[in-house]
Amino acid sequence: MIVRHIRDIRGSEREVETDAFISRRILLKGDSMGFSFHETIIKAGAELLIWYANHVESVYCIAGRGEIEVIGGATYTIEPGVLYALDGHERHYLRAEAELRLMCVFNPPLTGREVHDEQGTYPLLE
Ligand code: 9YT
């Protein structure tokens, strides 16, 4: 079994940070779980245009406030207790009004190398 503490992820190669977000990859493909599991912080005021063409993702908010706008579709408030699941590879804007703390699951699992050519995650504004 695998036991990890988030403090051991912070500052390690499993943490990536941009102007818009910080993502901590708690479980990755190499952990052989069939999914990856992430804590992602979206910084206050950030807007991201995201498209996961090859993955499904579910996201559960545990802190903060923001919104998700599906391109060509609806806009939903994100607050603690809200889960959204991208079961249709929806292109979307993710906006943080107050710093968002999100727990994210991907299938197939991310490898951790996606950060360098992260198709679909485009920071637009801070
Ligand atoms: C909110 C969201 O889509 N988080 C995903 C995690 C991120 N793509 C990562 O770990 O690189």
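Descriptive notes on the structure:
- Of all residues in segment 98-114 being surrounded by fewer than 16 Cβ atoms within 10 Å (Cβ to Cβ) and free of Cβ contacts under 8 Å to residues at least 60 places away in the same chain, the one that is nearest to the ligand (Cβ to nearest atom): 113
- Consider segment 49-92 and keep the residues that are assigned to a loop (DSSP other than H, G, I, E, B) and aromatic (Phe, Trp, Tyr). The one that is farthest from the ligand (Cβ to nearest atom) is 51.
- The C-beta contact set for segment 43-69 (first residue free of Cβ contacts under 8 Å to residues at least 40 places away in the same chain, second residue of a type in the set (Asp, Glu), distance under 6 angstrom, 6+ apart or interchain) comprises 64/99; 65/79; 65/97; 66/97.
- Hits in segment 10-59 - residues which are open to solvent by 70 Å² or more (accessible area, probe 1.4 Å) and under 16 Å from residue 100 (Cα atoms): 17, 19
- Matching residues in segment 60-90 - criterion: being open to solvent by 60 Å² or more (accessible area, probe 1.4 Å) and out of contact with any strand residue (DSSP E or B) (no Cβ under 7 Å at 6 or more places or on another chain): 72, 89
The values are calculated or read from the model by the stated rules, or taken from the named source; none is laboratory data. As the structure is a prediction and not an experimental result, all values here were calculated from the model. For neighbour counting, all protein chains shown are included, and Cβ atoms are generated from backbone atoms with ideal geometry for every residue, glycine included. The area values use the complete protein model at the heavy-atom level, side chains included, leaving out ligands, DNA and RNA. Shrake-Rupley method; radii C 1.70, N 1.55, O 1.52, S 1.80 Å.
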